[in-house]
1. For segment 1-82, what proportion of DSSP beta bridges, expressed in % and rounded to the nearest 5, is antiparallel?
2. Where does the chain land at 222 nm, in deg cm²/dmol rounded to the nearest 500, when only DSSP H runs of n ≥ 4 count, each adding -39500 (n - 2.57), divided by all residues?
3. Cut-off 10 angstrom, C-alpha nodes, Gaussian network model of the chain. Which of A43, A116, A181 fluctuates the most?
4. How big is the antiparallel share of DSSP beta bridges in segment 149-395, given as a percent to the nearest 5?
5. Enter the accessible area per residue of segment 149-395 (Å², integer; probe 1.4 Å; all protein chains in place).
6. Treating the beta-carbon of each Lys and Arg as +1 and of each Asp and Glu as -1, no other charges, what is the dipole magnitude of the chain about its Cα centre, to the nearest 20 debye?
7. Is segment 149-273 rounded, prolate or oblate when judged by the Cα gyration tensor, a ≥ b ≥ c being the square roots of its eigenvalues, rounded requiring a/c under 1.5 and prolate requiring a/b larger than b/c?
8. Would you mind telling me which residue in G214, G117, G242 has the biggest mean-square fluctuation in a Gaussian network model of the chain, where springs connect alpha carbons within a distance under 10 angstrom?
Amino acid sequence: MRVAFSACLLGEAVRYDGSAKPRAEVLELASKCEPCPVCPERAAGLFVPRPPAEQRAGRVLLADGTDVTETFRRGAAHECAAVKAADAPLAVLKAKSPSCGVGLVYDGTYTSTLTAGMGVCARLLKEEGICVVTEDTVASCKPSVEHPVAIVLGTGLGHLKSLVKPVRRIDYHDIEGFPAAAAPIQGHSFEAIVGTVDEVPVVVYPGRIHLYQGYTAAEVTVLVRHAHRLGCRDIIFACATGCVPGNANKGLGILTDQINLTGRNPLAEWSEIRDVDTPFVDMNDVYSPYLRTLARGVADDLGISVEEGVYAGMLGPSFETPAETNMLRLLGVSYAGMSTVCEAIMAKALEMNVLGLTLATNEAGAADIDHQSVVAEAEQHAEDFERLVRGVLHLL
Ligand code: SF4
């Protein structure tokens, strides 16, 4: 996988004062992929050392007042063309910089004050459809013993638990808030495994409960809150779904967004949930663009066929009617399932980094679906699913 990096994050002494800003997590990621170093300011031919630059009122100004807007644009265009030529789907850029910053940049007062905005090059790359993140995103997704990756497995996907080198096991019934009488459905088990997969710390939950079994939205998100309390910052939701004909095919998929058609929301059960600060949660990028891009890169590198699309959460347990399937197609839905949406809402409320992976085991609205066929289809794709998850864990 090719990834563009700000050259200063890779240790190149290219900053305005002749320094570098290497970051350990970025260097580690670069060592696992094909790095494509960029430095828009170097590409523009700016001399080093020079006064620092900041953005103010849409212009880029050096601290001595020189307007370098056009120079910065020229350098950004050059590096953007290089990233496109390298076919890199991801760019990890230096935070706050007037060229490379993402979301926040220095505000032109030269007092370290930040304002909402994008660096000149970061904006160009984003407009080209490249996933642009800062070094802080890479660091926040980095797993450790204190911050293991949570993996919640769905119907027919529970075999991934066999990859875990276990350190301890947790009976779901010992988890606060988990319904005492709940029993696993076929293809699930109710014992969380804390351990490692390929040396990466993980907590694997090889089963879940569902709204269609009569549980509340607060109850079906207990595992997410448990993972968060264990220190997990990344959470991978894996679920079996039906693909919506015309929008997706059977097989593996990466979730890009979701539509909650269950009529339930765990944050509406506010009095029962102590872990989140506010129920009014921004649901943009609920599925982390960074993690999605890594998953796509892994799939491409390993030759695993994976599609991408929007997930619709249905209450179930009955499958979709043809009219409902047609509605989902018109809504732009690729995958329909009976889990995940409430969990993803809870994870976003807890500011976790969410990756949604699905295995479309059937066509939504088909006449011959039953639980056994879903499990059987899932097992056929077990190996590719495992390779995909392991590949993502390796890059984190
Ligand atoms: S332009 Fe970007 S890569 Fe170059 S020094 Fe500034 S932040 Fe680093």
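The values are calculated or read from the model by the stated rules, or taken from the named source; none is laboratory data. In this text the structure is predicted, and so the values were computed from the model without any measurement. Don't worry about glycine lacking a Cβ; one is built from the backbone with ideal geometry, like all the others, and counts go over all protein chains shown. Just the protein is used for accessible areas: all its heavy atoms, side chains included, with ligands, DNA and RNA removed. Shrake-Rupley method; radii C 1.70, N 1.55, O 1.52, S 1.80 Å.
1. Roughly 50 percent of the DSSP beta bridges within segment 1-82 come out antiparallel.
2. Calculated at 222 nm, the ellipticity per residue is -8000 deg cm²/dmol.
3. In this elastic network of the chain, the residue with the biggest mean-square fluctuation among A43, A116, A181 is A181.
4. Approximately 35 percent, going by the DSSP bridge assignments.
5. Value returned for segment 149-395: 40 Å² of accessible area per residue.
6. It comes to approximately 900 debye.
7. Judged from the Cα gyration tensor, segment 149-273 comes out oblate (a/c at least 1.5, b/c at or above a/b).
8. G214
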